[in-house]
1. So which residues in region 18-38 are within 23 Å of Ser66 (Cβ to Cβ) and outside any helix (DSSP H, G or I)?
2. Tell me, which residue of region 96-111 that is within 19 Å of Leu23 (Cα to Cα) and either in contact with a helix residue (DSSP H, G or I) (Cβ under 9 Å, 6 or more places away or on another chain) or at pLDDT below 90 (or both) is most open to solvent (accessible area, probe 1.4 Å)?
3. Would you point out which residue out of Asn71, Asn87, Asn93 is without any contact (Cβ under 8 Å) to a residue 12 or more places away in the chain and assigned to a strand (DSSP E or B)?
4. Identify the residue in region 1-57 that is polar (S, T, N, Q) and within 26 Å of Glu95 (Cα to Cα) and, among all such residues, is least open to solvent (accessible area, probe 1.4 Å).
5. Scanning region 75-95 for residues that are of a type outside the set (Val, Ile, Thr) and surrounded by 14 or more Cβ atoms within 10 Å (Cβ to Cβ), which turns out nearest to Asp29 (Cα to Cα)?
6. Exactly one condition in (1) surrounded by 12 or more Cβ atoms within 10 Å (Cβ to Cβ); (2) on the phi < 0 side of the Ramachandran plot; (3) touching a strand residue (DSSP E or B) at 6+ places or on another chain (Cβ under 6 Å); (4) of a type outside the set (A, V, I, L, M) is not met by Lys60; state its number.
Amino acid sequence: MSAVVPIRIAQATETTPKVHYRLLELSPDLCKLIETPSTQLVLTIKGKEGDDAVLCTANKTYALRSVNISNSLMIVNGPKSNEALANDGIFINDEIHEVMETVPMVPKLDR
């Protein structure tokens, strides 16, 4: 016999505001840069009002592009124990329908 696990949707309150998440899909070279141990890694998101945002490393610039996905992704908080799973269940914190893609681009140095 399988156990029934309650699924609850997290609600915002005055003490716990609703949090919205964005997923960032990394290009292979950016992923490799992040996975390489380094004390000098700095990632910066830049852009002026009205511009598209860009992600910058020390020597590369990536355009950030929003891409809709056909499957919904649920961000959940799992229980800390099996007993808590049976009592409290799983809380759905957010539902995601888009991913931010990183696309290498030529930086705009004149700005």
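1. Answer for region 18-38, where residues must be within 23 Å of Ser66 (Cβ to Cβ) and outside any helix (DSSP H, G or I): Lys18, Val19, His20, Tyr21, Arg22, Leu23, Leu24, Glu25, Leu26, Ser27.
2. Filtering region 96-111 for residues that are within 19 Å of Leu23 (Cα to Cα) and either in contact with a helix residue (DSSP H, G or I) (Cβ under 9 Å, 6 or more places away or on another chain) or at pLDDT below 90 (or both), the one most open to solvent (accessible area, probe 1.4 Å) comes out as Pro104.
3. Answer to the check: Asn71.
4. Narrowing region 1-57 to residues polar (S, T, N, Q): 2, 11, 13, 15-16, 27, 36, 38-40, 44, 57.
Those still in the list that are within 26 Å of Glu95 (Cα to Cα) too: 11, 13, 15-16, 27, 44.
Values: Gln11: 136, Thr13: 72, Thr15: 126, Thr16: 83, Ser27: 14, Thr44: 51 Å².
Once the filter is applied, the top-ranked residue is Ser27.
5. Of everything passing the filter in region 75-95, Asp94 is nearest to Asp29 (Cα to Cα).
6. (3)
The values are calculated or read from the model by the stated rules, or taken from the named source; none is laboratory data. What you see is a predicted model; the values in this text were computed from it and never measured. For neighbour counting, all protein chains shown are included, and Cβ atoms are generated from backbone atoms with ideal geometry for every residue, glycine included. Surface areas here come from the heavy atoms of the whole protein model, side chains and all, with no ligands, DNA or RNA. Shrake-Rupley method; radii C 1.70, N 1.55, O 1.52, S 1.80 Å.
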